[in-house]
Amino acid sequence: MADKITKDIIKKYSKLAVDAFMEDPLYVAISKNRFIRKIVIYNTTYTRMSIFANKGVTYYFDEEDRGLLILRHVLNDAGPADLLKAPNLPVLLLFLPYTIKLFTFQSGFNNEEVIGNDAYVISPLFVGKEYQKQGVARKLIRRAVEDVGSKYKIGLDTQNPANLPFYEKMGFEVVGHVYYEDKDINNYYLVRNP
């Protein structure tokens with residue numbers, strides 16, 4: 001966990017997010033162009049981390065800077081007004097069609113409706129590509145579960161069906177699934193009960 005989130009930390013993990021999410025189905029649906037995906041992933045991660053740094057969320061970092069998990073109360077989310085305060089707003093505006101597409105997709109993923117309003121949500125969780133399958137995500141999830149998992153449900157969503165077996169091994173169960181045919185995106189809702 002980190003007490004203070006600095007711009008350097010936000011930049012470092014935004015770069016790591018690019019590495020982790022480059023082939024994620026959600027971002028591939030945003031743009032087939034790798035350069036555009038890279039910019040959108042970096043800047044939307046940068047924006048979310050900047051916004052959440054002031055909204056009372058908990059950041060869990062791997063001790064070796066290999067991954068990040070953000071845990072927030074399900075009702076504590078970023079809204080359109082928060083985006084206007086984003087430190088990288090000019091870049092978001094430059095890539096506005098892709099930014100809107102991403103935030104439109106994500107706003108349709110309604111965690112509160114599926115898991116209830118008395119829960120915490122992992123959003124996002126990512127591990128750098130070269131560090132995956134080394135237990136980093138498992139450690140981050142365990143730390144979050146130790147903090148709130150005995151009192152509250154913890155939810156998350158994923159658009160990558162390949163992630164489901166991992167989350168199920170961590171005690172999560174699929175409680176909802178939506179397929180967006182026009183975007184060819186699946187969204188799986190998972191919950192870990194106390």
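Against the definition (farther than 19 Å from Thr6 by Cβ, among the small types (Gly, Ala, Ser), modelled with pLDDT of 80 or more and within 13 Å of the chain's Cα centre (by Cα)), how does Ser123 come out, yes or no? When the stated conditions are applied, Ser123 passes them. Listed by position, the helices (runs of 4 or more DSSP H) inside segment 87-143 whose residues that are within 21 Å of Ala162 (Cβ to Cβ) and in contact (Cβ under 8 Å) with a residue 12 or more places away in the chain number at least 1 are 96-107, 111-115. Would you confirm, using the coordinates I've provided, whether Asp157 is in contact (Cβ under 8 Å) with a residue 60 or more places away in the chain, acidic (Asp, Glu) and either buried (at least 17 other Cβ atoms within 10 Å of the Cβ) or under 28 Å from Lys11 (Cα atoms) (or both)? When the stated conditions are applied, Asp157 does not pass them. What are the residues in segment 35-45 that are closer than 15 Å to Glu23 by Cβ and either of a type in the set (Val, Ile, Thr) or in a strand (DSSP E or B) (or both), if any? Ile36, Val40, Ile41, listed by residue number.
In this structure, is Glu23 at pLDDT 90 or above, of a type outside the set (A, V, I, L, M) and either surrounded by fewer than 16 Cβ atoms within 10 Å (Cβ to Cβ) or within 12 Å of the chain's Cα centre (by Cα) (or both)?
Yes, satisfied.
Contact map, segment 11-39: first residue in contact (Cβ under 8 Å) with a residue 60 or more places away in the chain and over 21 Å from Gly67 (Cα atoms), second residue surrounded by fewer than 16 Cβ atoms within 10 Å (Cβ to Cβ) and of a type in the set (A, V, I, L, M, F, W, C), Cβ cut-off under 9 Å, separation 6 or more or different chains; pairs are Ile30/Ile36.
Scanning segment 51-64 for residues that are at pLDDT 90 or above, part of a loop (DSSP other than H, G, I, E, B) and either surrounded by fewer than 18 Cβ atoms within 10 Å (Cβ to Cβ) or not charged (D, E, K, R) (or both) gives a single hit, Glu64.
Residues that are surrounded by 19 or more Cβ atoms within 10 Å (Cβ to Cβ) and not charged (D, E, K, R) were ranked within segment 160-194; the one that is modelled with the lowest pLDDT is Asn187. Polar (S, T, N, Q) and either closer than 17 Å to Ile9 by Cα or at pLDDT 80 or above (or both): does that describe Thr104? No; evaluated as a whole, the condition is false for this residue. Based on what the data block shows, is Arg48 outside any strand (DSSP E or B), out of contact with any Asp or Glu (no Cβ under 7 Å at 6 or more places or on another chain) and of a type outside the set (A, V, I, L, M)? So Arg48 passes the test.
The values are calculated or read from the model by the stated rules, or taken from the named source; none is laboratory data. Every value quoted in this text rests on a predicted model; they were computed, and no experiment measured them. Positions of Cβ are generated from backbone atoms using ideal geometry, with glycine treated the same way; all protein chains shown enter the neighbour counts.
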